[in-house]
Amino acid sequence: MGVPEEIGTRKQCYGKKRLELSIVTNVWTSIKKEITDFLEMPISYAVFAVALVVFVFQKQMPDVKFNGFISRPIQKMIFQFTEFFYQETHFFIICLVLIGIAAILLFLDKTVIYTYLPKPSEMTNGTTISWSYVKAVTQLFHVLLKFITIYWVWYFILHIGLNNSGGLYNSSVFIPLLIINIGELIFNVFAAIFKMSNNTQYDLIPFKDLDNFTCLSSYESEEKRICIFKPKYINKVTYVLAVESADNDYYTVVDTSNEFIAIQAHFDNLKTRHNVKYYRSKGV
């Protein structure tokens, strides 16, 4: 009888821990969103600013400590794990490996190896899956940039939060990375104060900008061309219905939507009124 009761107790404890972890995760997600929306800057640099104040004035704030919540063995494990990546030798090896792989991928462009990559394939959800060495090189440099900035910022925050600021000086790359990230923090503060962001509105599409769009469908009526365009370089999918101008130097936008079906319906309505047969196009 004792064994089932013990198993039941363990299940209850496990369920309670999962619930607590879920609550903490949800609270952190909400706090992160609120801070990011309010400050208009990455949460990492918002916390970094606080940690930087504690680091500079640690003698005046000796009681500001957060290491009481974590046992010493776990703290030691965290320090050893994070310091491994930012110890000067390991730091430069990681940077050189990332740069070296990117250089090799760029060099391989001079060979025929990329001709064996899978061909682009269109999916039923309206997306196209393609393979590109340029994407791989870009991703590698993004990882390198994050390694020097965001990942190091959390490394700094961990050491300050766990009252191990002295361990930061164990690496000769500490001061250069600190200066770089203070500069990034200043940039984020100025960007949060001065930068404005608005949704892109399309009224006219000049012919000189047509390379930035893909023509999905089109037809000609009364010597005017009517097209459904999709911007090539905007993450948010927007479909644009536009009519060629009389002097043939721009398109006038008559409708925009995030739903292709809505634009297709408007397009088909115009086509029916003009009583013409439309054709589909892969380019302008």
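The values are calculated or read from the model by the stated rules, or taken from the named source; none is laboratory data. Note that the coordinates shown come from a computational prediction; the quantities given were computed from them, not determined experimentally. So basically every Cβ, Gly included, is an ideal-geometry build from the backbone, and we count neighbours across all protein chains shown. Remember, those area values only see protein heavy atoms, side chains included, never the ligands or the DNA or RNA. Shrake-Rupley method; radii C 1.70, N 1.55, O 1.52, S 1.80 Å.
Restricting the first residue to the range 74-99 and requiring it to be farther than 16 Å from SER171 by Cβ, which pairs with a second residue that is surrounded by 12 or more Cβ atoms within 10 Å (Cβ to Cβ) and at pLDDT 90 or above meet a Cβ separation below 9 Å and a spacing of at least six or different chains?
Close Cβ pairs (under 9 Å, with a partner that is surrounded by 12 or more Cβ atoms within 10 Å (Cβ to Cβ) and at pLDDT 90 or above) amount to LEU98/LEU140; LEU98/PHE141; LEU98/VAL143; LEU98/LEU144; LEU98/PHE147; ILE99/LEU140; ILE99/PHE141; ILE99/LEU144.
Enumerate the pairs (first residue in the range 134-163 and within 17 Å of ARG72 (Cα to Cα); second residue anywhere and open to solvent by less than 20 Å² (accessible area, probe 1.4 Å) and not hydroxyl-bearing (Ser, Thr, Tyr)) with beta-carbon separation below 6 Å, excluding pairs fewer than 6 apart on the same chain, so at least 6 apart or on different chains.
If the second residue must be open to solvent by less than 20 Å² (accessible area, probe 1.4 Å) and not hydroxyl-bearing (Ser, Thr, Tyr), the pairs left are HIS159/GLY167; HIS159/LEU168; ILE160/ALA51; LEU162/GLN75.
Condition first: polar (S, T, N, Q), modelled with pLDDT under 80 and closer than 30 Å to PHE229 by Cα. Now tell me which residues in the range 126-179 satisfy that.
THR127, THR128, SER130 - these are the residues of the range 126-179 that are polar (S, T, N, Q), modelled with pLDDT under 80 and closer than 30 Å to PHE229 by Cα.
Being farther than 13 Å from CYS215 by Cβ and touching a residue at least 12 places away in the same chain (Cβ under 8 Å) is the filter; apply it to the range 225-242 and report the residue that is surrounded by the fewest Cβ atoms within 10 Å (Cβ to Cβ).
Per the stated criteria, the residue is TYR233.
Specify the residue that is surrounded by the fewest Cβ atoms within 10 Å (Cβ to Cβ); the eligible residues are those in the range 136-179 that are small (Gly, Ala, Ser) and assigned to a loop (DSSP other than H, G, I, E, B). Lay out the reasoning, then the answer.
Taking the range 136-179 and keeping what is small (Gly, Ala, Ser), we get 136, 161, 165-167, 171-172.
Still in the running and assigned to a loop (DSSP other than H, G, I, E, B): 171-172.
Details: SER171: 19, SER172: 11.
Here the answer is SER172.
ASN269 passes all but one of (1) open to solvent by less than 20 Å² (accessible area, probe 1.4 Å); (2) at pLDDT below 85; which number fails?
The single condition ASN269 does not satisfy is (1).
If I filter the range 191-203 for residues that are open to solvent by 40 Å² or more (accessible area, probe 1.4 Å), in contact with a strand residue (DSSP E or B) (Cβ under 7 Å, 6 or more places away or on another chain) and either over 24 Å from GLN75 (Cβ atoms) or assigned to a helix (DSSP H, G or I) (or both), do I get at least one hit?
Checked the range 191-203: at least one residue is open to solvent by 40 Å² or more (accessible area, probe 1.4 Å), in contact with a strand residue (DSSP E or B) (Cβ under 7 Å, 6 or more places away or on another chain) and either over 24 Å from GLN75 (Cβ atoms) or assigned to a helix (DSSP H, G or I) (or both).
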